[in-house]
Every structure is written in C-alpha cells, then in structure tokens.
Amino acid sequence: MKILVDAMGGDNAPEAIVNGSIDALKANEGFDISLIGDGDQINKIIRSRDFKSDRLEVIHSKEIITNEDVPTRAIRKKKNSSMVVGFNMLKENNGDVFVSAGNTGALLTGALLLLGRLKGVDRPALGAMIPTKAGKCLLIDAGLNTTCKPINYSQFALFGSLYIKAMYNKENPKVGLVNMGTEAKKGTEILKQAYDLLKKMDLNFVGNIEGKDIPLGKVDVAVCDGYVGNVVLKFLEGTGSFFTGVMKGIFTKNIFSKISTVFLMNDMKAFKKMIDPSEDGGAPILGVNGLVVKSHGNSNAKAIKNVIIKAYNLAKSSAFEQIKDSVEKMEVSTNVEKKKRKRWYIRNRKLRTREDTDEF
C-alpha cells in the first residue's frame, strides 16, 4: 500500500510532515510513503534523520498552496503544487490514500474538481473524531459545508455510520442530529425536514441531540452542517486546552498538590492522551471518489505520524466501498420516490383540470 503525503501543507511543513512520515514508517511496516513537495528541503530533513529506506520516495513539486491562496484559483493555476500532484497521483491509482495538513478550502476544492463526487453524492463532508465519555464520536460535517439541504444531512449520517462501523467495529452506531433541542419539531425548517428523512433511513437514528450530548457520549455520529460542526470542534479543542491548563495549575500550586500528582500521574497522563488532538487527529473527506484525510493545519510530527497510520487503517477497511455502494442505492431509492411524486402530481393535476372543466 502506498500513502501519498503533502509534505508542504500545514503550518509546520515540511519539517513536521517529513519527520512524522519517517516515524510512521518506523512504527508500521504495512505501507510505503510518497512525500510530495520541494525535493531539496525534504531530502535535507531525511538526511538529518539519517533515514534510508526504499519504502520512502520523494516526488518533487516546486509550487506550494498556502492558506492565503484562493482555493479554486490555486487548484486551477498551481498545477505543480504538492496538493494538486497528490490528487492527480491518487486519481491515476498511483497511491491508495492522500494525506494533507494544507489549506482546507483548497483540499475540498481539489477533491471535488480533480477526484469528483461519488455517484449519488450531493456534497462531501469532513468527519472529525472527538473524545467522549463513552469513547469516541464522529462529528460530521466538521467544516466543509456552511449551509446544507435536508438531503445533505441524511448523506452525512450515512457516511458517518458506515465509517464508524468499518473503522471502529461498531455494529449499530447511534446517530443524532445536532439541534437546539431534542424535540422533533425543534430547529429550522431545513432541520425539521432532515429529521424526517433520517427517521426513514435504515440507521440507528436516536433523534435530535444538543451540544452537551456529544461529549457525554449519547451518540457515535453527530450530524450537523459545517458551520455548526466547526464551531463545536474548535470549542471542544479550546475547552480541552483550558481544562488541562487549569489542572496543571492546581497540581503545581503548592507542595501538597505537587505530592498528590505522584498518586494521580498515570490517570492524568491517560486523560491528557484522551483529549490530545494529535493522538487521534485526521479527518476524512467522505463522499469523494478517493480516500483523502485532512490533518490539522498546526499538526506536529506526532500528529502526522498518527494521521498517516489512521489513513492506512482507513485504506485497509471497507469504508470507502461501503459508502460508494450505499450512496448509489440511496440515489436509486430517491429517484424512484421522485418519479412517484411526479406521477402523483401529474395525475392530480389532470384530475383537477377535468373537475374545473366540469364546473363550467
């Protein structure tokens, strides 16, 4: 298996990307890596690590898509950028999965323009794993689509449920729709329609959930639009950092609190690991015709290593094929329903026309 890695994407590129890739190769023997980017910079870092392996190759590309670039323009104009080269390699089956910590907008645009949607997919979505009281929850969409139609929520739910099944062996994941209340008639008209669609699907849909239900572990998949999802994700990241800082202050306040840390050290380390985004980072873009995993823009080497290993596990799983097959079936079902509604409308329109004529 070959994993394609955008070596120039992210705040800490290329150092963190190259070092994380080397660490991933050392930790797992199941894949090779193609690092895409400035060959001189990449090879310099590899030499500094004194790392030699035929499992690591460097694909030179001279252009870089930055966070300041306009996504569509960058994808169309910067043909030799590390991101575009990576997408094209994936499209041409010269790799199994593409990993990037680069410009999120450009990554989505590239996925849509260069890979395309899976048949039947209206919009792809970004899925982010977050720690909860019960384990983990997939938040989807976590930032790609700021406004959505009812069909988008139903497809996001399908993506998320199949992803959790394949990646975490959760047989019947609980799916919830993020709303301002748990009652069925809460929220905007679009959310009400989305609720009705989700109820009809063959999913373990538990209804509406509130923001507080996510960290409490009420669901395995939390469905929302990208605006809400990104706010929730960033809020939880900030809360985790805040809580860790407060706890550190408490345990270093005086000699007695410092002594108490001796007895709680293992538990605190486990808790810190649970909420550390670098431990289980990496958000898949689900719904496009290829496996793409987005890493956080400020990812360090540890985060990149773990994202690459997650990408490897995703490529090994059946998630992609299951999503592809299920969405196609969903499209057929939707088209049949549309034809039924159209026939009903035509019949009733003709009936109303005859009745109007009779009245005259």
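The values are calculated or read from the model by the stated rules, or taken from the named source; none is laboratory data. From a predicted model like this one, the values you see are computed outputs, not experimental measurements. Using ideal geometry, Cβ is built from the backbone for each residue, glycine included, and neighbour counts are taken over all protein chains shown.
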Here is a list: Val228, Val292, Val232, Val223. Which entry is closer than 30 Å to Lys26 by Cβ, among the β-branched types (Val, Ile, Thr) and at pLDDT 80 or above?
Val292
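Would you call Asn298 assigned by TED's automatic domain parsing to the domain that holds Ala16, more than 14 Å from the chain's Cα centre (by Cα), buried (at least 17 other Cβ atoms within 10 Å of the Cβ) and closer than 27 Å to Ser100 by Cβ?
Numbers: assigned by TED's automatic domain parsing to the domain that holds Ala16: yes; more than 14 Å from the chain's Cα centre (by Cα): yes; buried (at least 17 other Cβ atoms within 10 Å of the Cβ): no; closer than 27 Å to Ser100 by Cβ: yes.
Judged against the criteria, Asn298 is not a match.
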Being more than 22 Å from Thr72 (Cα to Cα), without any contact (Cβ under 8 Å) to a residue 60 or more places away in the chain and out of contact with any Cys (no Cβ under 9 Å at 6 or more places or on another chain) narrows it down to one residue among Gly207, Gly110; which is it?
Gly207
Got a number for residues in region 19-44 being more than 22 Å from Leu291 (Cα to Cα) and among the aromatic types (Phe, Trp, Tyr)?
0
Counting only residues that are in contact with a Phe, Trp or Tyr (Cβ under 6 Å, 6 or more places away or on another chain) and among the hydroxyl-bearing types (Ser, Thr, Tyr), how many does region 170-226 have?
0
Being surrounded by fewer than 23 Cβ atoms within 10 Å (Cβ to Cβ) and closer than 18 Å to Gly297 by Cα is the filter here; which residues of region 15-51 pass it?
Glu15, Asn19
Of the residues in region 19-55, how many are assigned to a strand (DSSP E or B) and of a type in the set (D, E, K, R)?
1
Answer from Asp69, Asp32 - the residue that is charged (D, E, K, R) and farther than 17 Å from Ile308 by Cα:
Asp69
Kindly indicate whether any position in region 56-72 is touching a Phe, Trp or Tyr at 6+ places or on another chain (Cβ under 8 Å) and either in a helix (DSSP H, G or I) or not acidic (Asp, Glu) (or both).
no
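Can you tell which of Phe31, Phe87 is touching a Phe, Trp or Tyr at 6+ places or on another chain (Cβ under 6 Å) and assigned by TED's automatic domain parsing to the domain that holds Ala303? Write out each step before concluding.
On the way: Phe87 fails: touching a Phe, Trp or Tyr at 6+ places or on another chain (Cβ under 6 Å).
Of the residues listed, the single one that is touching a Phe, Trp or Tyr at 6+ places or on another chain (Cβ under 6 Å) and assigned by TED's automatic domain parsing to the domain that holds Ala303 is Phe31.
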Against the condition of a type outside the set (Phe, Trp, Tyr) and in contact (Cβ under 8 Å) with a residue 24 or more places away in the chain, how does Lys218 come out, does it pass?
yes
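Filter region 234-248 for residues that are among the aliphatic types (A, V, I, L, M) and either surrounded by fewer than 19 Cβ atoms within 10 Å (Cβ to Cβ) or more than 21 Å from the chain's Cα centre (by Cα) (or both) and give the result. First the steps, then the outcome.
Taking region 234-248 first, the residues among the aliphatic types (A, V, I, L, M) are 236, 246-247.
Of everything in region 234-248, those that are among the aliphatic types (A, V, I, L, M) and either surrounded by fewer than 19 Cβ atoms within 10 Å (Cβ to Cβ) or more than 21 Å from the chain's Cα centre (by Cα) (or both) turn out to be Val246, Met247.
With respect to Ala16, is the statement that it is within 20 Å of Leu291 (Cβ to Cβ) and in a helix (DSSP H, G or I) true? Talk me through it step by step, then tell me what you get.
Numbers: within 20 Å of Leu291 (Cβ to Cβ): no; in a helix (DSSP H, G or I): yes.
Judged against the criteria, Ala16 is not a match.
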